[in-house]
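> Encoded as structure tokens, here's the structure I'll be asking about.
The values are calculated or read from the model by the stated rules, or taken from the named source; none is laboratory data. In this text the structure is predicted, and so the values were computed from the model without any measurement. Don't worry about glycine lacking a Cβ; one is built from the backbone with ideal geometry, like all the others, and counts go over all protein chains shown.
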Amino acid sequence: MKPLPSALINAALIDAVKEPGVHLEGPKTGKVDAPLVLKGSFRLPKEFAQGNPVHRQLILSIQMGGVNGTCTPFAKTALFKDDAREDGKDWVGSFEIDMFQHIGLNMAGEFYAVASMGPLTSDVLKIEVT
């Protein structure tokens, strides 16, 4: 059974997103036989939200050479209304995802990861896996 992604509020991660957007962070390196945990946060204007829980809109995409994978890690996860909070005209929240558990691609190489919600996209995260 896959470990569930986490949607618990992480104030430090949320503070990283002052304007509408998605923030993604993770290790610069990883091992094929170990979890590869990515963390992030978002500030999603309510006009783009399709209801709460807004985490269901999160998409994680990975590319390694000609191989790629995409997942919606919260599509079938139990979420609660307080996993995201209202901040003025925005929804804010944070997340933690094991990339290998949710996308697979457990192989060595140079990976590029990006998270998106509606029209908002994180910066690209480069991870070298050995």
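> What number of residues within the stretch 116-129 satisfy the criterion of being more than 15 Å from G26 (Cβ to Cβ) and either over 15 Å from the mean Cα position of the chain (by Cα) or not in a loop (DSSP other than H, G, I, E, B) (or both)?
Number of matching residues: 4.
> What tally of residues in the stretch 18-36 results from selecting those that are part of a strand (DSSP E or B), more than 10 Å from the chain's Cα centre (by Cα) and not hydroxyl-bearing (S, T, Y)?
Matching residues across the stretch 18-36 total 2.
> I've got another one for you. Got at least one residue in the stretch 107-115 being buried (at least 18 other Cβ atoms within 10 Å of the Cβ), over 11 Å from the mean Cα position of the chain (by Cα) and at pLDDT 90 or above?
yes
> So, one more: Could you say whether any residue in the stretch 90-99 is within 29 Å of V129 (Cβ to Cβ), exposed (fewer than 13 other Cβ atoms within 10 Å of the Cβ) and touching a helix residue (DSSP H, G or I) at 6+ places or on another chain (Cβ under 9 Å)?
no
> Only residues that are among the aliphatic types (A, V, I, L, M) and in contact with a strand residue (DSSP E or B) (Cβ under 8 Å, 6 or more places away or on another chain): list them for the stretch 32-58, please.
Of everything in the stretch 32-58, those that are among the aliphatic types (A, V, I, L, M) and in contact with a strand residue (DSSP E or B) (Cβ under 8 Å, 6 or more places away or on another chain) turn out to be V32, L36, V37, L38, L44, A49, V54, L58.
> In addition: P3 - would you say it is surrounded by fewer than 21 Cβ atoms within 10 Å (Cβ to Cβ) and modelled with pLDDT of 90 or more? Walk me through it before giving the result.
Numbers: surrounded by fewer than 21 Cβ atoms within 10 Å (Cβ to Cβ): yes; modelled with pLDDT of 90 or more: no.
Here the answer is no, as P3 does not meet what is asked.
> Starting from residues that are assigned to a strand (DSSP E or B) and of a type in the set (A, V, I, L, M), keep the ones in the stretch 38-51 and report whichever is modelled with the highest pLDDT.
Out of the qualifying residues, it is L38.
> Taking the stretch 33-62, which residues are surrounded by fewer than 18 Cβ atoms within 10 Å (Cβ to Cβ), more than 16 Å from I97 (Cβ to Cβ) and among the polar types (S, T, N, Q)?
Within the stretch 33-62, just Q50 meets the criteria.
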